[in-house]
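Read the figures in this text as sums done on the coordinates, not as results from a lab. Just so we're clear, the structure is a prediction, and the values are computed from it rather than from any experiment. In this analysis, Cβ positions are derived from the backbone assuming ideal geometry, glycine residues included, and neighbour counts consider all displayed protein chains.
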Amino acid sequence: MRTAATLNPFLLLLLMQGSALSDPFAHNWHQWRGPNATGVSTTANPPIEWSEDQNVKWKVAIDGQGTSTPIVWNDRVFLLTAIDTGVKDPSIPDPEDQPKTNFFDIKRPNAQYAFVVLCLDRRTGREVWRQVATTKIPHEGAHNDNDFASASPTTDGKYLYCWFGSAGLFCYDLDGKKLWERDLGEAKVGSSLGEGCSPVLHGGKLVIVRDHAGPSTIEVLDARTGNTLWKRQRDEDNAWATPRVIEHSGKTQIITAASGFVRSYDLESGEVIWKCSGLTGNVIPCPLVDGDYVICMSGYQGYSAMAIPMTETGDISGSEKIRWTTDRDTPYIPSPLLYDGLLYFNKSNQSIWTCLDSKTGEVLFGPERIGQLSNVYASPVGASGRVYMVGRGGSTLVLKRSRQLQLIATNQLDERFDASPAMAGNQLFLRGAKSLYCIENASR
């Protein structure tokens, strides 16, 4: 019998391509951070250059506010937004008349918001359907750079799961029919900064992590019904890191990053498999799986990154089995990008970038200021041997995926961008403060 190693190289390539074509997840962007939760698409080939007048296939206005990443499934694009209806509750004082109760002087709204799910036609940007999941007055405010629709939806290709935090969790079919909803209670985020952790779907189970100033929790629900399968308390304060779910070492692990510990939970039982301390406060970047290790980082009131083994049990804080650590130049809000052994990340929220060898932690380039990005909230993405870095001022840098810094292009649009990009096929989706852009080469 011939093995793969002895097959004709051309035939082997065809087999590999056929395998990729049979996997719909590889050709879509079905969740926060893409098909493998690394920020990379192995099948997409988006443009290198664009502007308001070049390679914009369509641009549609999105009413309301939302910084969640859109997701893509076949011919549809799904995104969430929260719309101020202007309908006020006279029993709640106007925000300007409320006393200061937190560091940033963030006030509770006194108007109802419509929490809306949108479905757009991927070819034209035309609205296919919209559903108002619920209408209510938020129980607390959010930072000016946050909003009430900051968690990305997720889909398995059959059902769409939309998490509006304290406003509720909602399940739809892809034609917009609501199948179930759950009220998981109100979070009390320190300084009223707002919520933002996205749901993760795996094996028919939905994972929700809520780290805040109240009793923090991790909860796993049956994705078919919304019923709780298990729930655990977490000794953690504010954090916004979306968890990573991975089958490893004979168990399906939910890996959560937070200030006290990075923890691995057994998806089936909810028991903690291992934990490791070492991150700083207000953890936002999501974990990245690299072989037998998970890379976690944070960048608030200090810098920290660790490559932690997923093969251990118990408390492995400070263990020699940790592959590498660094205490320099890690991100606050953006998540890092893991692209075929290269780990890209920025310092704090600045356009100061570093690239590491993900296996050794060796610095390949940086920290180095790249381009003229004014500030960075969006997480970088990668495809077709390129890395895309989006700044709040509307600029996107395109780098060659390389062990050396090689800038290919700088592109400018006329909006502010806080949401992270999505990619599928030949298209790049950029959600601005007012519009959603679909970027595609006009010649294709």
Under 19 Å from the Cα of LYS107 - aspartates and glutamates, other chains or at least 8 residues apart: ASP84, ASP89, ASP94, GLU96, ASP97, GLU140, ASP145, ASP147, GLU186, GLU195
Modelled label-to-label distance, SER348 and HIS143, 7 Å Cα→beta-carbon offset: nm? 1.3 nm
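Which of rounded, prolate, oblate describes the range 171-259, given a ≥ b ≥ c as roots of the alpha-carbon gyration tensor eigenvalues and a/c under 1.5 marking rounded, otherwise prolate only if a/b is larger than b/c? Spell out each step's value before the answer.
Working: a/c = 1.98, a/b = 1.20, b/c = 1.65.
It is oblate, given that a/c is not under 1.5 and a/b is not larger than b/c.
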How much length, in nm to one decimal, is gained on full extension between LEU364 and SER269, taken as 0.36 nm per residue of separation minus their Cα-Cα distance? 30.2 nm
Sequence-distant or interchain residues sharing an amide H contact under 5 Å with ALA133, placed H: which? PHE115, VAL116, VAL117
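Show that you can apply the helix-only estimate: for the chain, add -39,500 (n - 2.57) for every DSSP H stretch of four or more residues, divide by all residues, and state [θ] at 222 nm to the nearest 500. Mind dumping the intermediate values first?
Numbers: 1 runs with 13 residues, N = 444.
Calculated from helices alone, the mean residue ellipticity at 222 nm is -1000 deg cm²/dmol.
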Straight-line reach from LYS177: which lysines fall under 19 Å, measuring Cα to Cα and dropping same-chain residues less than 8 apart? LYS158
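Suppose R0 equals 22 Å. What FRET efficiency, 1/(1 + (r/R0)^6) with r the Cβ-Cβ distance, do ALA433 and GLN233 give to the nearest 0.05?
Numbers: r = 37 Å, r/R0 = 1.66.
The pair ALA433/GLN233 has a calculated efficiency of 0.05.
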Using alpha-carbon pairs under 8 Å, 6+ residues apart, how would you state the relative contact order of the chain in percent? 15 percent
Which residues qualify? For SER435, with a placed amide H closer than 5 Å and at least 5 residues away or on another chain, they are ILE62
If you take every DSSP beta bridge whose two residues both sit in the chain, what share of them, in percent to the nearest 5, is antiparallel? 95 percent
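Using Cα pairs under 8 angstrom and six or more residues apart, how large is the relative contact order of the range 211-268, in percent?
Values: 97 pairs, mean separation 15.1, N = 58.
About 26 percent, as a whole number.
Could you give the length gained on full extension between ARG108 and ARG130, defined as 0.36 nm per residue of separation minus the Cα-Cα distance, in nm?
Working: separation 22, 0.36 × 22 = 7.92 nm, distance 2.65 nm.
Here the answer is 5.3 nm.
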In the chain, if the dipole is taken from +1 on Lys/Arg beta carbons and -1 on Asp/Glu beta carbons about the Cα centre, which of PRO309, PHE103, PRO35 is farthest to the positive end? PRO35
Please report how far the C-alpha centroid of the range 21-35 lies from that of the range 332-407, rounded to the nearest whole angstrom. 22 Å
Quick one: if you stick a label point 7 Å off each Cα along the C-beta vector at GLU52 and GLN404, how many nm between them? 3.7 nm
Over the alpha-carbon set of the chain, work out the extent along each principal axis and list the three values in angstrom, largest first. 75, 55, 45
Which residues in the range 86-125 place their backbone N less than 13 Å from a point set 7 Å from the Cα of ASP173 along the Cα-to-Cβ direction? none
Exposure proxy order (Cβ contacts within 10 Å, fewest to most) of PHE261, PHE345, PHE170: PHE261, PHE170, PHE345
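Fewest Cβ neighbours within 10 Å first, please rank VAL283, VAL387, VAL363 accordingly. Spell out each step's value before the answer.
Working: VAL283 28, VAL387 25, VAL363 14.
So the ranking, lowest neighbour count to highest, is VAL363, VAL387, VAL283.
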About the Cα centre, and with charges only on the beta carbon of Lys, Arg (+1) and Asp, Glu (-1), how big is the dipole of the range 309-386? Nearest 20 debye, please. 260 debye
Can you give the direction-averaged projected area of the convex hull of the alpha-carbon atoms in the range 12-163, in nm²? 12.3 nm²
If you take every residue apart from SER351 with its C-beta less than 13 Å away from the C-beta of SER351, what net charge results, scoring Lys and Arg +1 and Asp and Glu -1? +1
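Under a Cβ-only charge scheme (Lys and Arg +1, Asp and Glu -1), can you give me the dipole magnitude of the chain about the Cα centre, in debye to the nearest 20? Mind showing how you got there, number by number?
Values: 44 positive and 49 negative charges, 171 e Å.
Approximately 820 debye in magnitude.
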Of the residues PRO243, CYS355, GLY281, the Cα lying farthest along the dipole of the chain towards its positive end, which is defined by charges on the beta carbon of Lys, Arg, Asp and Glu, belongs to CYS355
Under a 10 Å cutoff between Cα atoms, tell me which one of ALA419, ALA142, ALA167 has the largest fluctuation in the Gaussian network model of the chain. ALA142
Debye, to nearest 20: dipole size of the range 264-357, +1 on Lys, Arg Cβ, -1 on Asp, Glu Cβ: 420 debye
Over 29 Å between Cα atoms: which of LYS178/LYS205; LYS275/LYS359; LYS347/LYS434; LYS100/LYS347; LYS251/LYS359 fall into that group? LYS100/LYS347
Roughly speaking, what is the centre-to-centre gap between the range 195-228 and the range 53-129 when only Cα atoms are used, to the nearest Å? 22 Å
The range 264-320, relative contact order in percent, only Cα pairs under 8 angstrom and at least six apart counted: 35 percent
Once you place label points 7 Å from the Cα toward the Cβ at GLN372 and ASN426, how far apart are they in nm? 3.1 nm
With θ set to phi - 60°, apply the Karplus curve 6.51 cos²θ - 1.76 cosθ + 1.60 along the range 300-316 and write out the HN-Hα couplings as whole Hz, x wherever there is a Gly or Pro. 10, 6, x, 10, 7, 8, 9, 9, 9, x, 9, 9, 9, 9, x, 7, 10
